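Before any comments, here is the structure.
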Amino acid sequence: MTDPLRHEITTAADPIVVKVGTRVLTGPDGLLDAARIESLGRQIDAVAAAGRRVVLVSSGAVGAGMGRLGLTKRPSELAKLQAVAAIGQSCLIEAYERALRGRGRHVAQVLLVADDLQDRSRYLNIRTTLLTLLDLGAVPVINENDTVSVEELRTSFGDNDRLAALVATVIGAPLLVLLSDVEGLFDRHPSEPGATIVPHVPRIDAAVAGLAKDTLGGLSKGGMASKIAAARIVTEAGGSCVVASGRDDGVIEAICRGEPIGTLFTGRFETMPAWKRWLGWSADARGTVVVDAGARDAVVTAGRSLLAAGIRSLDGDFASGDVVALADDRGQVFARGLVNYSAADLRRIVGLRTERIAEVLGSTPYGEVVHRDNLAVIDRSGAEPR
């Protein structure tokens, strides 16, 4: 049965960011699966032929490098892993080039690290480049720069779910598709009798986040925790996210037709301005300001500015105009924004009503510590279970 909301979201979305995980792109031997790359190329071409632009975030560099070097086991030494990834990255882009060139599509390789998106000018340059590539009809293929990014290689699922979500916020994509070896979010552990896929998640809260935990051992199943985190970013920014199995041929086309594939995460349905998308997820926070429950509610629910009266404590050494994170008393970060006071001055006025600031500082340069126009709410769910 067709879901009207899903159909409306997925059939109109443009551009689309598609992330493909390592377990989709590699076989049981850990090597790159050429047939899977060809299938992805065919699907991307079909979606593009229908008039929609596609950005691909792809893992698989290590598997491709292993195949090129004739390795049968993933290296455990970090330096060797990075070297294998460097060799494999060219193999990976070659594979996508072969899959798309014959269909008249250009492939553009883009390698990113977190620092690239933290700096505002570099962020804007990346945004302009990606949008220009799409205007030229090219398919950007983005990956974490494994040669210099250490954390990507130390973990099983890397950081490409988050990278894909950030790319979606950079270009303002209304839909992120996360393809992995899991069919979607299940209502309990998939191994339990009667486990079924949750078709639609309208709001990511503590209960939804809890579904990413193995009830027996507390381990992430198939990287679902990172996918929920990525979905939270996109939905807070005003987009939607679908998590589905990338091993199903035609899955991208089916999702774009509005078919009930995987789990659809939806959120605010109000696109956050580009400036606030950078502020909320890409900018480098210089410190953390801890606020009370009343201040959190005022910022998150009422859309108000942060005042000194609602602040309990702060951490970090920041200057006026720096980006800071706003957290509740449990340490859960719920917003980020540009602070109007330095850390030194702010420590002197913590908890004070606005009319008393001049008594301490000699003047009241700003009535707000963080003005709502320079503030982005990134988590409306409250503290997650520990």
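Quick look at the values:
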read-out: Members of region 1-17 that are surrounded by 14 or more Cβ atoms within 10 Å (Cβ to Cβ) and small (Gly, Ala, Ser); value: ALA13
read-out: Filtered residue count, region 74-108, keeping only those that are under 13 Å from GLY60 (Cβ atoms) and of a type outside the set (A, V, I, L, M); value: 7
read-out: Pick from region 259-282, criterion part of a loop (DSSP other than H, G, I, E, B) and among the charged types (D, E, K, R), ranking: farthest from ALA168 (Cα to Cα); value: GLU259
read-out: Set ARG120, ARG98, ARG74, ARG105: member being of a type in the set (Lys, Arg), in contact with a strand residue (DSSP E or B) (Cβ under 6 Å, 6 or more places away or on another chain) and either on the phi < 0 side of the Ramachandran plot or not assigned by TED's automatic domain parsing to the domain that holds VAL55 (or both); value: ARG105
read-out: Any chance LEU179 is out of contact with any helix residue (DSSP H, G or I) (no Cβ under 6 Å at 6 or more places or on another chain), surrounded by 20 or more Cβ atoms within 10 Å (Cβ to Cβ), at pLDDT 95 or above and in the same structural domain as VAL55 (by TED's automatic domain parsing); value: no
read-out: Failed condition for ALA358, given (1) more than 26 Å from the chain's Cα centre (by Cα); (2) among the small types (Gly, Ala, Ser); (3) buried (at least 17 other Cβ atoms within 10 Å of the Cβ); value: (3)
read-out: Residues located in region 95-139, provided they are without any contact (Cβ under 8 Å) to a residue 24 or more places away in the chain, crowded, with 16+ Cβ neighbours inside 10 Å and over 24 Å from THR169 (Cβ atoms); value: GLU97
read-out: Residues being touching a Gly at 6+ places or on another chain (Cβ under 6 Å) and under 27 Å from GLY184 (Cα atoms) - total across region 263-293; value: 5
read-out: Given (1) in contact with a helix residue (DSSP H, G or I) (Cβ under 9 Å, 6 or more places away or on another chain); (2) not in a loop (DSSP other than H, G, I, E, B), number of the condition ILE9 does not satisfy; value: (1)
read-out: Complete set of residues in region 93-134 that are acidic (Asp, Glu), within 14 Å of LEU166 (Cβ to Cβ) and part of a helix (DSSP H, G or I); value: ASP115, ASP116
read-out: Yes/no for ALA343 being touching a Ser or Thr at 6+ places or on another chain (Cβ under 7 Å), farther than 26 Å from ALA168 by Cα and not acidic (Asp, Glu); value: no
read-out: Residue tally, condition closer than 17 Å to ILE255 by Cα and part of a helix (DSSP H, G or I), over region 27-60; value: 11
read-out: Filter result (within 17 Å of ARG232 (Cα to Cα) and hydrophobic (A, V, I, L, M, F, W, C)) within region 187-202; value: VAL198, VAL201
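The values are calculated or read from the model by the stated rules, or taken from the named source; none is laboratory data. Given the structure is predicted, the values throughout are model-derived calculations rather than measurements. Virtual Cβ from ideal backbone geometry, glycine too; neighbours counted across all protein chains shown.
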